[in-house]
Amino acid sequence: MIKQGDKIPHVTLKVMEKGQMKDLGTDQLFSGKKVVLFAVPGAFTPTCSAKHLPGFIEKADEIRARGVDTIACVSVNDAFVMDAWGRDRGAGDKVLMLADGNGDLARALGLDFDGSGIGFGLRSQRYALVAEDGVVRTLAVEKPMNFEVSSAEAILKQL
């Protein structure tokens, strides 16, 4: 599992821009920037939709005021689902919605899990990290079925 001080590995994610799916490499996302990245097990799932994403949308201005260039949400979902979920929750330009459709980033970070027992297949654990120029400065990984250390409020305390 990735840890504080490690470099974010290069992986290509997907984003939607003006109705078109585009590639976005982690090198491009993190290079020369301070980024808060948080991961959820799935778009439109209860805790993710009611608490995790809304918290970062609500606290986006406070987080950016602490020198953060980008706030991004990633999930093992496709770009169309992430785009629809972001629109549904009002993410706008506050939170960049990233699709890790094949779970490449989750696996590369060592933060994947097998959710096939509940019909989810490969998923990402719930976590949040702060990276500067692609190097992890803080990492908060939730215990299964918990939502405490990766919230927007918890990350604000880390900034």
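The values are calculated or read from the model by the stated rules, or taken from the named source; none is laboratory data. What you are looking at is a predicted structure, and each value in this text was computed from that prediction instead of being measured. Here Cβ is always computed from backbone atoms with ideal geometry, including for glycine, and neighbour counts include all displayed protein chains.
For first residues located in the stretch 126-150 and free of Cβ contacts under 8 Å to residues at least 40 places away in the same chain, partners that are assigned to a loop (DSSP other than H, G, I, E, B) and of a type in the set (S, T, N, Q) and lie 6+ apart or on another chain with Cβ distances below 8 Å form the pairs Ala140/Ser150; Glu142/Gln125; Glu142/Ser150; Pro144/Gln125. Test Ile71 against the criterion of being part of a helix (DSSP H, G or I), in contact with a helix residue (DSSP H, G or I) (Cβ under 9 Å, 6 or more places away or on another chain) and hydrophobic (A, V, I, L, M, F, W, C), and give yes or no. Taking the combined requirement at face value, the residue does not satisfy it.
The set of residues from the stretch 76-106 being surrounded by 22 or more Cβ atoms within 10 Å (Cβ to Cβ), closer than 18 Å to Val11 by Cα and either β-branched (Val, Ile, Thr) or touching a Leu at 6+ places or on another chain (Cβ under 8 Å) (or both) comprises Val76, Met82, Leu98, Ala99, Asp100, Leu105, Ala106. Can you confirm whether the stretch 10-31 contains a residue that is farther than 14 Å from Gly134 by Cβ, at pLDDT 95 or above, in a helix (DSSP H, G or I) and of a type in the set (Phe, Trp, Tyr)? Looking through the stretch 10-31, none of the residues is farther than 14 Å from Gly134 by Cβ, at pLDDT 95 or above, in a helix (DSSP H, G or I) and of a type in the set (Phe, Trp, Tyr).
Only a single item in (1) more than 22 Å from Gly55 (Cα to Cα); (2) modelled with pLDDT of 95 or more; (3) not β-branched (Val, Ile, Thr) is not met by Leu111, and it is number (1). Residues in the stretch 107-123 that are assigned to a strand (DSSP E or B) and exposed (fewer than 14 other Cβ atoms within 10 Å of the Cβ): Asp114 only.
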